[in-house]
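The values are calculated or read from the model by the stated rules, or taken from the named source; none is laboratory data. The model shown is predicted, which means the values in this text are computed figures rather than measured ones. These area figures cover heavy atoms from the full protein model, side chains too; ligands, DNA and RNA do not enter into them. Shrake-Rupley method; radii C 1.70, N 1.55, O 1.52, S 1.80 Å.
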Amino acid sequence: MRRQHIGWVTGAVAAVLVAAGAITYAVAEDGGSAPKTPTAESADAGFARDMAVHHQQAVEMSYIVRDRTKNEEVRRLAYDIAQTQANQRGMLLGWLDLWELPKVSADPPMTWMGMGDMASGKDGALMPGMATNTDLKKLQSLSGKQAEILYLQLMTDHHKGGIHMAEGCVAKCTVGVEKRLAQGMVDAQQSEIELMAGMLKERGAQPRS
């Protein structure tokens with residue numbers, strides 16, 4: 001497990017470097033010698049901050065379930081989700097560094113989408129789709145098939161919330177490379193939702209919502 005953590009840190013660093021190159025390329029692509037850097041209140045910055053937090057929980061849940069089941073299909077899915085979202089999180093935080101913007105904001109989550117009053121943060125669920133602290137504790141207490149089902153249900157909800165946020169960036173963000181990343185999130189997570197629906201059905205269960 002420790003080797004995997006080290007590998008993931010390396011991957012995240014590499015992703016930040018790739019992001020830096022992507023931003024540079026995007027600026028050149030836009031042809032502006034004095035490109036506009038997103039402001040702290042922009043959709044670009046808001047999405048980067050919020051999705052980094054959202055992704056971190058997906059990585060956490062995926063690590064939990066990998067320790068709670070021996071099922072190779074679920075473990076493979078959890079690894080893929082964790083690896084993908086850890087790398088994307090590195091890119092998002094890397095962009096904030098490049099823009100010299102803070103990684104936290106005094107504004108409520110989702111403010112950049114005009115939804116700052118929606119997420120209550122109740123029991124740790126800061127944004128739509130996020131699991132509560134109670135959900136996470138329950139996942140940590142289960143094993144085998146029960147853990148697999150709860151993980152698939154929680155991750156389905158998580159992806160639905162993530163897709164909603166990513167669609168918001170596609171509509172509101174101004175940096176082309178970030179909009180493309182957001183659209184890629186929408187496509188990939190929708191595909192994984194369909195995959196998880198089938199995995200839940202095989203286990204005699206279904207999504208929670």
**Prompt:** What's the carbon and sulfur percent of region 87-209's accessible surface, probe 1.4 angstrom, rounded to a whole number?
**Reply:** 53
**Message:** Longer than 23 Å from Cα to Cα, which of LYS70/LYS160; LYS122/LYS145; LYS122/LYS201; LYS145/LYS201; LYS138/LYS160; LYS70/LYS137 are they? Say none if no pair is.
**Reply:** LYS70/LYS160; LYS122/LYS145; LYS122/LYS201
**Complete:** Cross-link reach from LYS103 to aspartates and glutamates, straight Cα distance under 13 Å and at least 8 residues apart if same chain, gives GLU41, ASP44, ASP50
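Could you provide, to the nearest whole Å², the per residue accessible area of region 71-179 with probe 1.4 Å? Numbers along the way, then the final one.
Working: 5000 Å² over 109 residues.
Result: 46 Å² per residue.
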